[in-house]
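Only one structure is covered here, and it is reproduced in the block below.
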Amino acid sequence: MLHVIWIIMKKLFFLSLFLISNLLQAKDFELEIFSTRDKRDLNLFEYSDILTYRQFKGAGNWKDSLGDWGKINCAGSHTIIKGKGTVLKNYCKGTNKDGNVFWLMMDRESDNFDTGIGKIRFEKGTGKFEKYEGINCVYAISFLPKGEGSFIKAKCKLNK
C-alpha cells in the first residue's frame, strides 16, 4: 500500500512541477521593425513655431526573436508641441512569410522626435498571430539622418 501511495505522490509531484513551470514561463520575445520613408509619404503642417503636425505612411520589414519575419505597412500621425514634447499614434499591418497577418497600434510620448520609448499593442491577428491579440510591448525607436528610415526594437511577453 505504501508503495502505491509513493508512486501516486511521485506522479503528482512531477505533474505539479510541470504545470508550475509552464505557468511561470511567460515567454519573452523581441520584435524588430526596419522601415524606410519617402518624402512623398509625409504631410507636414507647421503652426507657427509652436506646433508641428506630421501625417505619414511607410513600409518596411520586421523580424522577431522566435524566428519569424515579414513585411509591414504603417500609417500614423506625429505632433510636436514646443516645450511640451511629442505625441505619436501609428497603426501597422504586418504579414509574415506564411501569409499570417497582425495589426499593431503604437503610441509614444517623448521629449523629442528623433528618439523615444513607447508602447505597441497587438490588436488583431490571423493564424498564428491570433494568440498575440492583446499583448503589449515596450519599444524604442531611432531614426536615420533626415528621417529616411527608422529602427524599432520592442520587447514583448507572450503570457497567454
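Convex hull of alpha carbon positions in region 22-160: directionally averaged projected area 8.8 nm².
The radius of gyration of the Cα set in region 121-160, together with its Dmax, comes out at 13.3, 40 angstrom. Amide H contacts under 5 Å for G149: R37, L144, restricted to partners 5 or more places along the chain or on a different chain, H placed in the peptide plane at 1.01 Å from N.
For the residue pairs K57/K153; K89/K157; K89/K128; K124/K146; K82/K131, the alpha carbons lie more than 30 Å apart in K124/K146; K82/K131.
In this structure region 29-160 gives 60 Å² per residue of accessible area when probed at 1.4 Å with all protein chains present.
The values are calculated or read from the model by the stated rules, or taken from the named source; none is laboratory data. Nothing here was measured: the structure is a model prediction, and the numbers come from that model. Calculation scope for accessible area: heavy atoms of the full protein, side chains included, ligands and nucleic acids excluded. Shrake-Rupley method; radii C 1.70, N 1.55, O 1.52, S 1.80 Å.
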